[in-house]
Amino acid sequence: MKNIIPALAVLFCAAVLLNSCSTGKNAVSSPIAVAENTDNHSATCFVQLNDGSIKQFSSLKLVTGFFTTPHLLADDKLVINAKDIKAYQDNKRYAVSAKQLKSGKDGYVASEALPGFAIKLLSGKLNVYSRKYYNGANSVDEYFLQEGNEGHIIAYSRNVLKAMLKDDAKALDYFNSRTKGSPRSKKLIAAVEMYNNNQLLTKN
């Protein structure tokens, strides 16, 4: 009896370990699902290369500084340059390259993402991205809108957003309302959040 109990304990531990390894393998096999979830801080880090293929890493860091060309450092050893990728996910954010953005602005800033890359702020039927650029004197934010995950990512304008919100009277009325002291960015985010939530309720 004394010999059976330790043997059962060893078998139990082995089963638990095998199950956890199997789960980890399945989680890594779906990088696109990870790309959708920009709020998951434990998400696997990855880069999407220009040919569309995806490479995953344990860590991905933005490296900037004087006399340093901004780049990503994967797993503390592999240098990844902005020109070689179209998107990436680190443990904080999902970002897309300037090649995917419909905008004529330049003067990119590398503070939150690689130069020219836009960070995804909101996900849903309507996605919102932001990118920093120099306007000649200061660093300012430029916003982009995307219908679904397959639509073009185009620069924000009042007319573009109104067209995208046309099927949601509540969100459109809020956006058109005159709210004193409310920055453009906050009103944009609030209107899109309202739209996405309403669309989710409509589906259910």
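Each value in this text was obtained by applying a stated rule to the coordinates, not by laboratory testing. Quantities reported herein were computed from a predicted structural model and do not represent experimental measurements. In this analysis, Cβ positions are derived from the backbone assuming ideal geometry, glycine residues included, and neighbour counts consider all displayed protein chains.
I'd like to compare 55-65, 82-92: which one has the highest average count of other Cβ atoms within 10 Å, and what's the full order after that?
Values: 55-65: 14.8, 82-92: 19.0.
Packing order, densest peptide first, comes out as 82-92, 55-65.
Go through 132/186; 61/120; 55/99; 77/102; 132/187; 83/187 and tell me which ones have a Cα-Cα distance over 23 Å in this structure. Each step should come with its number before you reach the end.
Details: 132/186 16 Å; 61/120 17 Å; 55/99 19 Å; 77/102 33 Å; 132/187 18 Å; 83/187 33 Å.
77/102; 83/187, as the Cα separations exceed 23 Å there.
Which shape class, rounded, prolate or oblate, goes with region 105-171 when its Cα gyration tensor gives a ≥ b ≥ c as root eigenvalues, a/c under 1.5 marks rounded, and past that a/b bigger than b/c marks prolate?
Judged from the Cα gyration tensor, region 105-171 comes out prolate (a/c at least 1.5, a/b above b/c).
Region 118-204: which GluC sites (Glu not before Pro) are DSSP loop and have at most 16 other beta-carbon atoms within 10 angstrom? Mind dumping the intermediate values first?
Numbers: sites: 142, 147, 150, 193; in loops: 150.
For GluC sites (Glu not before Pro) across region 118-204 that sit outside H, G, I, E and B with at most 16 neighbouring Cβ atoms in 10 Å, the list reads 150.
Modelled label-to-label distance, residue 176 and residue 138, 7 Å Cα→beta-carbon offset: nm?
3.0 nm
Projecting each Cα onto the charge dipole of region 46-204 (Lys/Arg +1, Asp/Glu -1 at the beta carbon, about the Cα centre), which of 88, 65, 135 comes out farthest on the positive side?
135
Measuring from label point to label point, each 7 Å out along Cα→Cβ, what is the residue 79 to residue 158 span in nm?
Simple spin-label model gives 4.7 nm for this pair.
Can you give the FRET efficiency for residue 51 and residue 186, using 1/(1 + (r/R0)^6), R0 = 41 Å, r = Cβ-Cβ distance, to the nearest 0.05?
Numbers: r = 38 Å, r/R0 = 0.93.
Calculated transfer efficiency: 0.60.
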